[in-house]
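Structure record follows, encoded as structure tokens.
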Amino acid sequence: MRIGINATTLLRRADIDGFVEHALAAEEAGFSSYWLAEHPTGGFDALTVLTVIGQSVEQMELGTAIVPTYPRHPAVLAGQALTTQAAINGRLSLGIGMSHKAMLSDLGIADDKPIRHLREYLEILMPLIEDGRVDTSGDTLSAKATVMYPTDSPPEVTVAALGPQALRVAARHTAGTNLAWCGPRTIRDHISPTITDAADAAGRPPPRIIATLPVCVTDDPATTRDRLTANTVMYTELPSYQAVFAREGVETTGELGLIGTEDEVEHLIANLADCGVTDFAASEFGLTSDDRARTRALLTRLARQQTDHQQGATA
């Protein structure tokens with residue numbers, strides 16, 4: 001399992017120079033990937049920021065986790081993704097997702113039939129990403145388009161998929177799924193078997209399962225979990241995540257955090273790999289500078305161990 005960093009917690013500052021500095025430090029530490037999310041109404045464009053980051057970062061995979069689909073026509077997103085891919089020398093992973101009804105309503109957008117929307121979105125996006133042309137007409141989305149194709153290596157696409165129908169659509173059309181707030185039980189018993197079986201049935205390679213969860217090494221786990229819960233209570237109000245929390249058997253986001261001593265957190269991260277996660281994008285969380293330093297030290301060690309293991313396997 002590869003270890004990367006999800007820097008979404010830095011979005012509140014919207015400091016592009018700060019993101020570049022943060023990403024450079026992550027690459028120097030040996031992380032395999034660096035991920036940014038985008039809110040439908042947040043005024044922050046993740047692909048543009050990754051393009052800037054990619055002018056300084058040389059090796060890490062740079063990914064979106066995620067770009068909401070509804071506000072962008074797939075032909076527009078394809079053009080932007082292909083441009084970013086060319087600008088950062090082929091290191092983009094394009095994670096997309098349908099976002100949430102409560103967020104979309106602020107834009108006057110309805111998502112009455114989300115699975116149809118996702119399927120038709122990918123029926124436009126993927127041909128444009130992979131071949132540069134598409135001609136299709138759907139109930140909600142249509143496109144007859146040819147995009148300029150500035151790169152010889154199309155970016156990989158993943159989908160934030162939680163329900164079985166969305167997971168099967170993602171498996172048939174893309175490289176896998178990009179998850180947030182999904183615990184190990186949900187991944188092991190639901191996400192991994194559903195998307196893996198669907199990919200196999202479609203004759204596609206085993207899917208990537210990219211998971212993000214908060215991580216904190218601390219001697220005060222109870223206080224840390226309470227603060228995490230208070231800071232992220234909005235996620236417990238979203239129906240799609242409520243279903244995930246029910247499946248996992250938790251009531252708060254704090255219960256999903258990978259929080260504890262070095263040994264405890266290392267065990268929790270290793271368990272994600274056992275449950276089917278191929279890539280863990282850690283969201284670093286800490287109430288003190290000491291906790292944050294300990295968290296980064298552990299994640300750095302695990303990332304470097306994985307890199308050494310991969311290099312040894314290919315030697």
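The values are calculated or read from the model by the stated rules, or taken from the named source; none is laboratory data. In this text, all values refer to a predicted model and were calculated from it rather than measured experimentally. Note: ideal-geometry Cβ built from the backbone for every residue, glycine included; neighbour counts use all protein chains shown. For the accessible areas, the whole protein counts, side chains as well, though only heavy atoms, and no ligand, DNA or RNA atoms are used. Shrake-Rupley method; radii C 1.70, N 1.55, O 1.52, S 1.80 Å.
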Checklist outcome for this item: So the FRET efficiency between residue 146 and residue 188, C-beta based with R0 = 51 Å and rounded to 0.05, is 0.75
Checklist entry - Mean residue ellipticity at 222 nm from the helices of the chain, using -39,500 (n - 2.57) per DSSP H segment of n ≥ 4 over the full residue count, to the nearest 500 deg cm²/dmol? => result -14000 deg cm²/dmol
Checklist entry - Could you give the longest part of the chain that holds none of the trypsin sites (Lys or Arg not before Pro) found in DSSP loops with at most 11 neighbouring Cβ atoms within 10 Å? => result 14-315
Next on the checklist: I need the shape label for segment 10-135. Rule: rounded when a/c is under 1.5, else prolate if a/b > b/c, else oblate, with a, b, c from the alpha carbon gyration tensor.
Outcome noted: oblate
Checklist outcome for this item: Checking 191, 109, 209 against a Gaussian network model of the chain (alpha-carbon springs below 10 Å), the top fluctuating residue turns out to be 109
Next on the checklist: Please report the net charge: other residues with Cβ closer than 12 Å to the Cβ of residue 21, K and R +1, D and E -1.
Outcome noted: -3
Checklist entry - Under 5 Å between amide H atoms, partner at least 5 residues away or on a different chain: which partners does residue 212 have, H built in plane at 1.01 Å? => result 179, 180, 181, 182, 281
Checklist entry - Based on the Cα atoms of segment 36-80, what semi-axes does the equivalent ellipsoid have, where each is the square root of 5 times one gyration tensor eigenvalue, given in whole Å with the largest first? => result 20, 12, 9
Item to check | Added length on full extension, which subtracts the Cα-Cα distance from 0.36 nm per residue, residue 289 to residue 14 | outcome: 96.9 nm
Checklist entry - In what sequence, largest accessible area first, do 215, 20 appear using a 1.4 Å probe? => result 20, 215
Checklist entry - So, in nm, how far is label residue 28 from label residue 130 when the simple model puts each one 7 Å beyond its Cα toward the Cβ? => result 4.0
Next on the checklist: Leaving out ligands and nucleic acids, and using a 1.4 Å probe, what accessible area per residue does the chain come to in Å²?
Outcome noted: 45
Checklist entry - Expressed as a whole percentage, what fraction of the accessible surface of the chain belongs to carbon and sulfur atoms when a 1.4 Å probe is rolled over the protein heavy atoms? => result 49
Item to check | Cβ-based net charge around residue 159, under 12 Å, with every Lys or Arg adding one and every Asp or Glu removing one | outcome: +3
Item to check | Residue-count net charge about residue 253 - beta-carbon cut-off 13 Å; Lys, Arg +1, Asp, Glu -1 | outcome: -3
Checklist outcome for this item: Here the Cα Rg-to-2.2 N^0.38 Å ratio for segment 99-205 is 1.17
Checklist entry - With the chain treated as a Gaussian network of Cα nodes joined by springs under 10 Å, which of 207, 154, 239 yields the largest mean-square fluctuation? => result 239
